[in-house]
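These notes concern the structure reproduced below.
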Amino acid sequence: MAPLIKVAAQAGLQRLLNNQASKQQATGATLDVALADLDSLRRHAAEAAKAAKQVVSGLSKPAGYEGGSSEVDSDVSKLLEDFGLLQADGSTISMSGGQKKDDIVVDVAKVSAAALEKKGTGALLLAHDVFCLVNRARGTALVSPEEVIKALRTCCKPCGPLRMRKLGSAGAVAVALARTSDADMDVPLMQLLEEAPLSAFRVSIELKITATEARYLLQDAEKRAVIVRDDAPECVYFYRNFFNEF
């Protein structure tokens, strides 16, 4: 009877050892796959970083360089140049590219200030335009809309470099330079009104802004009673409000 008990015990022990070996083999296989995935991720990350450097170098080609350029590179460079984000040598303005809150605030402030200075007196910049410009300037160090809007709020605190505005009935968020007053923002509109009534289409063409931005600008001036609207059959026109002068 004793030998049978001994054999049964050995069989049970052997089963446990076999199970343990199977588990170890499965764990080893899982680790092999994980390490292979990690290696693949690192390899692809290196390739992505290399591609990003090529894109940046393509955007930073000196004036007159024609080799290896593409339509996409040209469009991106034109966008950055239009908003004052390209330096004289063709490179983008210096960005921190960091992911910390303070790094993002610095980059948002720098991009917004450069774009607003380039646009001139009374310029406004919609928040979604800031988001696009910041990510263009930062290259592959992308930031989310939430991070950009938080950075804008920080920049618009007292003594900050920017001033936040909410435009139109939808409350679109826009920013201007902190030193810019309401009167400054009205100057371009008043100058255009000396020639003819205003429409969103005309303002967008004359001030080189989007039709959406032009509409918000006109609605904001109307809300402050600087201009008045005329809902004509063919279009909505705005005129100077002369009642303020009486």
Total formal charge among the other residues, if their Cβ is under 12 angstrom from that of Ser181, Lys/Arg +1 and Asp/Glu -1
+1
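Give the dimensionless ratio obtained when the Cα radius of gyration of region 121-184 is divided by 2.2 N^0.38 Å. Please report the intermediate quantities before stating the final value.
Numbers: Rg = 12.2 Å, N = 64, 2.2 N^0.38 = 10.7 Å.
Taking the Cα Rg and dividing by 2.2 N^0.38 Å, one obtains 1.14.
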Quote the accessible area belonging to Ser199 in square angstrom, nearest 10, computed with a 1.4 Å probe and with ligands, DNA and RNA left uncounted.
10
Counting only heavy atoms of the protein chains, get the accessible area per residue of region 90-246 (1.4 Å probe) and round it to a whole Å² value.
54
Full extension between Glu234 and Glu81 adds, at 0.36 nm per residue less the Cα distance, a length in nm of 51.5 nm
What nm value, rounded to one decimal, do you get for the distance between Lys166 and Gln99 when each label is placed 7 Å out toward the C-beta?
3.3
Rg/Rh over Cα atoms for region 104-246, Kirkwood Rh, comes to 1.01
Carbon and sulfur together cover what percent of the accessible area of region 151-238 at a 1.4 Å probe radius?
55
Met190: accessible area at probe 1.4 Å, nearest 10 Å²?
50
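The values are calculated or read from the model by the stated rules, or taken from the named source; none is laboratory data. Small disclaimer: the values here were computed from a predicted structure and weren't measured. Cβ atoms come from the backbone with ideal geometry, glycine included; neighbour counts cover every protein chain shown. These accessible areas exclude ligands, DNA and RNA; they are computed on the full protein's heavy atoms, side chains included. Shrake-Rupley method; radii C 1.70, N 1.55, O 1.52, S 1.80 Å.
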